[in-house]
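The values are calculated or read from the model by the stated rules, or taken from the named source; none is laboratory data. Since we're looking at a predicted model, the values are computed, not measured. Ideal geometry is used to build each Cβ from the backbone, glycine not excepted, and the neighbour counts take in all protein chains shown. Each accessible area value is taken on the protein alone, full model and side chains, heavy atoms only, with ligands, DNA and RNA left out. Shrake-Rupley method; radii C 1.70, N 1.55, O 1.52, S 1.80 Å.
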Amino acid sequence: MWQLFTTFFRIGLFTIGGGYAMIPLIEQKVVDEKHWLSRQELMDLMAVAQSCPGVFAVNIGIFIGYKLRKTPGALACTIGTALPSFVIILAIALFFQQFRHYSAVESIFRGIRPAVVALIAAPVFRMAKTARICRYNVWIPVVSALAIWLLGFSPVYVVILAGLGGYTYGQLMK
Amino acid sequence: MIFLQLFITFFQIGLFGFGGGYAMLSMIQSDVVSNHHWLTAGQFTDIVAISQMTPGPIGINSATYVGYTAVVNAGYPVWAGILGSLMATFSVILPSLILMIIISRFLMKFRNHPVVEDVFTGLRPAVVGLLAAAALLLCTADNFSSPDTNAWQFWISIALFAFTYIGQQTYKMNPILLILMCGAAGFLLL
């Protein structure tokens with residue numbers, strides 16, 4: 001339980017710029033190091049967390065915590081993920097409203113932002129292997145990505161359509 | 001009274017906030033700025049910037065900040081503001097906690113049901129696309145600058161991107177270490 005809390009505390013502390021940034025961290029900690037989940041389970045979980053309302057990162061934490069230690073585990077992961085943000089933001093609200101205007105802070109974040117984009121891009125091909133992408137289904141990720149990126153589709157609809165598509169295909173194959 | 005309003009507002013945002021932090025931000029803006037006038041538009045922009053620059057999910061960051069600022073703006077003392085930020089953060093998480101536990105229970109039970117397997121056969125390739133889209137959407141001048149506005153920052157950003165990508169992909173370096181190294185590089189160079 002303590003491990004769940006500290007693991008997600010670290011993940012919460014280094015998730016910069018939105019929920020997807022935590023995927024490589026979770027992959028490394030939870031899949032490769034602790035073996036709490038397989039890479040495929042993590043992908044299934046991403047689809048579920050994405051189609052549920054709420055904070056993506058927290059949703060993922062709740063699911064992993066619940067899978068390992070039921071409700072107390074879910075609570076430990078939730079508090080772990082939320083606590084670093086809570087403390088940091090409260091400190092900023094209390095003491096340095098001018099925080100973002102410090103030039104050192106701005107410089108540091110100018111360096112971090114490209115790194116975060118790279119960290120989100122890196123798992124794409126690893127995940128493609130896990131999802132068994134081949135030339136017959138490679139159009140699915142390509143079309144999904146283009147629909148979201150260029151046409152501004154909500155990822156929620158993509159998830160719903162893909163799920164329905166998988167279900168229909170399964171029924172047709174019977 | 002303001003605590004109850006905070007609870008209702010952020011519970012709703014947590015419940016209907018589909019599509020991640022940025023989608024939630026627009027809900028927060030319409031509720032918090034336009035309806036309740038808890039913050040000015042300028043204060044809200046500050047919150048967005050701070051949420052993006054500090055670690056943690058954007059939804060949590062903005063709830064914490066709005067909770068504090070709204071209560072203090074209403075004329076209450078600092079300790080009440082802290083209580084307000086606790087209230088907003090708790091409220092935004094609560095719907096996820098309830099929903100995700102129900103869904104987890106359901107999924108663990110029916111993980112091997114053929115229908116669930118079919119659905120996930122369609123979902124898994126789409127998730128790869130989702131992740132690719134998330135990366136593509138972040139390739140903006142906000143994050144990288146551009147050759148015209150600031151060529152120095154642009155090329156350094158590209159170099160940091162390449163360094164992090166290769167470090168993660170080829171050498172399996174720790175993501176936290178990579179973030180810290182790029183932060184240090186930004187401090188020295190940008």
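Structure notes:
- The protein assembly as shown: C-alpha gyration tensor shape, a/c 1.5 cut-off, then a/b vs b/c: oblate
- Nonpolar atom fraction for the protein assembly as shown, defined as the carbon and sulfur part of the 1.4 Å probe accessible area, stands at 69 percent.
- When the Gaussian network model of chain A links Cα atoms closer than 10 Å, the mean-square fluctuations of A:Ala91, A:Ala47, A:Ala74 top out at A:Ala91.
- Its Cα centre serving as origin, segment A:32-174 has a Cβ charge dipole (Lys and Arg +1, Asp and Glu -1) of approximately 300 debye.
- Average partner coverage of A:34-43, which counts Cβ from other chains inside 10 Å: 1
- Inter-chain Cβ neighbour average for residues A:71-84, partner chain, 10 Å: 3
- The long axis of helix A:2-13 is offset from the longest Cα principal axis of chain A by roughly 80 degrees.
- Farthest positive-ward along the protein assembly as shown dipole, Cα basis, beta-carbon charges - from B:Ser62, A:Gln171, A:Val58: A:Gln171
- Here the dipole of the protein assembly as shown is about 1020 debye; that uses its Cα centre as origin and unit charges on the Cβ of Lys and Arg (positive) and Asp and Glu (negative).
- In chain A, the longest principal axis of the Cα atoms and the axis of helix A:155-173 are about 30 degrees apart.
- Sequence-distant residues sharing a close amide H with A:Ile16 (under 5 Å, placed H): B:Gly56
- Relative contact order of chain B: 17 percent, from C-alpha pairs under 8 Å at least 6 residues apart in sequence.
- Note on chain B: with a GNM built from Cα contacts shorter than 10 Å, the maximum mean-square fluctuation among B:Ala74, B:Ala88, B:Ala135 falls on B:Ala135.
- Nearest-ten-degree value, helix A:139-149 long axis tilted from longest Cα axis of chain A: 40
- Exercise: per-residue mean of other protein chain Cβ atoms within 10 Å, A:155-165: 6
- Taking chain B as a Gaussian network of alpha-carbon nodes connected by springs under 10 Å, the highest mean-square fluctuation of the residues B:Trp79, B:Trp152, B:Trp38 belongs to B:Trp152.
- Hydrodynamic estimate: the Kirkwood radius of segment B:108-190 over Cα pairs, inserted into Stokes-Einstein at 10 °C and 1.306 mPa s, corresponds to D of 102 µm²/s.
- Cα convex hull of chain B, projected area averaged across orientations, nm²: 14.6
- Each part reduced to its alpha carbon centroid, segment B:81-157 and segment A:98-174 end up 9 Å apart.
- The residue list A:Phe153, A:Val143, A:Ser103 was ranked by how far each Cα lies along the charge dipole of chain A toward its positive end, using unit charges on Cβ atoms, and A:Val143 comes out on top.
- Each 10 Å bin from zero holds the following percent of Cα-Cα pairs in segment A:126-174: 23, 49, 26, 2.
- Using θ = phi - 60° and Karplus 6.51 cos²θ - 1.76 cosθ + 1.60, couplings along segment B:166-182 (whole Hz; Gly, Pro as x): 5, x, 6, 6, 8, 9, 6, 6, 5, x, 5, 4, 4, 4, 4, 5, 5
- Base-10 log of normalised Debye intensity for chain A (one unit scatterer per alpha-carbon) at q = 0.10 Å⁻¹: -0.47
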